1. So, counting K/R as plus one and D/E as minus one, what does the shell of residues with Cβ under 11 Å around residue 310 add up to?
2. Could you run the Karplus curve 6.51 cos²θ - 1.76 cosθ + 1.60 with θ = phi - 60° over the range 282-291 and give me ³J(HN,Hα) per residue in whole Hz, x for Gly and Pro?
3. As a test of reading the structure, rank 68, 249 by solvent-accessible area (1.4 Å probe, protein chains only), most first.
4. Around residue 133, what is the net charge, scoring Lys/Arg as +1 and Asp/Glu as -1 over all other residues with Cβ under 15 Å from its Cβ?
5. Sort 75, 191 by accessible area with a 1.4 Å probe, largest first.
6. If ligands, DNA and RNA are left out, what is the accessible area of residue 319 with a 1.4 Å probe, given in Å² to the nearest 10?
7. How would 301, 127, 236 line up by accessible area, probe 1.4 Å, largest first?
8. Among the listed pairs 159/249; 159/239; 74/129; 225/249, give every one whose C-alpha distance is greater than 24 Å.
Amino acid sequence: MKAKMYNFLFIIFFLLTIAFNNRAHAQTCSSADCSSITTFIVDLSSNPDSQWVSPPTARSGACCGSKKSDNCIKFIITTHPLTRQLAFQLLTPPIPPGQTYQLNCGPLVSVATPLCLVGTGPHCVVYCKGGADISQYGLLVSRGVSASPNLSVTSSCNKDMSISGGDDASIAWRSITNVSGSPANGVYNSFLSCVSGCASTTFTAPVFGAPLYPTAGYVDFEVSKVIPATACAPGYTFKDTIRINVIQKAVVSISPPTQSICFENTTTTITANASFGTPPYAYLWSNGSTTQSIAVVAGSYSVKVSDQNTNASCLPATSASINVAKNTGPNTANIGGNSTICSGSTVPLNGSITSYDSFGNPV
């Protein structure tokens with residue numbers, strides 16, 4: 001009987017010892033040993049989809065139950081309310097295989113594997129590794145799904161919009177810009193290459209003045225996608241709006257529209273006037289000049305104007321041309337026919353002088 005009692009007491013003592021040791025070794029990011037390691041305070045609250053990169057940094061000390069031979073680094077992170085996941089990155093090669101990190105001293109997770117976040121934090125990421133190497137580290141946070149930012153495109157050109165995560169039957173694209181007070185009913189969907197089931201679609205900008213052209217100069221598109229429930233968040237329908245600003249292509253004219261050089265002069269000045277598009281403009285004259293105004297002799301001239309949207313694929317440089325004539329003479333004068341008048345009377349005299357340019361045209 002005594003032997004059984006001793007065995008029972010020994011088992012109880014053994015279990016209490018294990019519990020005590022486990023409790024003694026349970027750690028959090030605020031544990032005493034974690035407070036002395038290299039630490040960065042990272043604020044990612046302004047953008048739900050962003051990346052932060054550390055300067056080259058050495059690790060120091062143990063944390064979250066790591067081996068005493070390890071050196072650790074800690075990141076205290078505040079996130080945006082829409083952020084749903086976080087991934088820790090090693091950015092300095094070579095990257096050893098089998099590296100892991102911890103969120104809030106939880107289970108070890110392979111580096112670069114995203115972890116779910118609940119709330120804005122602060123969240124604690126700890127990375128431990130033996131050695132004294134100096135490395136850069138990255139923190140990548142996201143909503144788990146995101147769409148393209150607002151875009152700009154010149155008339156007659158194309159622009160791609162996308163939503164992350166690949167093609168999905170639930171994806172839908174729809175224009176939500178009103179037309180003359182009409183409901184937002186997808187009237188500009190015809191400008192898209194795909195409106196359902198596609199993660200990427202191409203917007204072809206209409207020519208200015210085309211039917212149904214958006215007088216506001218932009219079109220807003222809504223993209224939606226059904227997001228299934230995950231450990232990070234319950235299921236929901238993701239929606240985002242992408243505004244595409246449509247820019248009229250640059251146009252150019254030459255002033256004065258007709259130009260002649262008087263016979264007492266040898267040159268005159270002509271000027272290219274660009275408008276629309278996206279300045280600054282670049283000028284290239286047929287004589288090789290690149291200034292907006294040039295001094296010319298008689299002859300034919302053209303100018304090409306490029307803006308910030310000019311590209312070879314869909315928007316070549318716009319151009320204009322002009323003929324500059326030289327007043328070469330001779331001048332002819334005509335004061336009308338002979339007239340007979342009475343004494344004390346008057347008669348009007350009408351005369352004209354005609355000159356001819358180098359093209360044989362009267363000027």
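1. +1
2. The phi angles translate into 10, 10, 9, 8, 5, 8, x, 5, 10, 8 Hz.
3. 68, 249
4. +1
5. Putting 75, 191 in descending order of accessible area: 191, 75.
6. Solvent-accessible area, nearest 10 Å²: 70 Å².
7. 236, 301, 127
8. From the list (159/249; 159/239; 74/129; 225/249), the Cα-Cα distance tops 24 Å for 225/249.
The values are calculated or read from the model by the stated rules, or taken from the named source; none is laboratory data. Since the structure is predicted, the reported quantities are computational estimates derived from the model, not experimental observations. Note: ideal-geometry Cβ built from the backbone for every residue, glycine included; neighbour counts use all protein chains shown. To get the accessible areas, we keep the full protein, side chains included, count just its heavy atoms, and leave off ligands, DNA and RNA. Shrake-Rupley method; radii C 1.70, N 1.55, O 1.52, S 1.80 Å.
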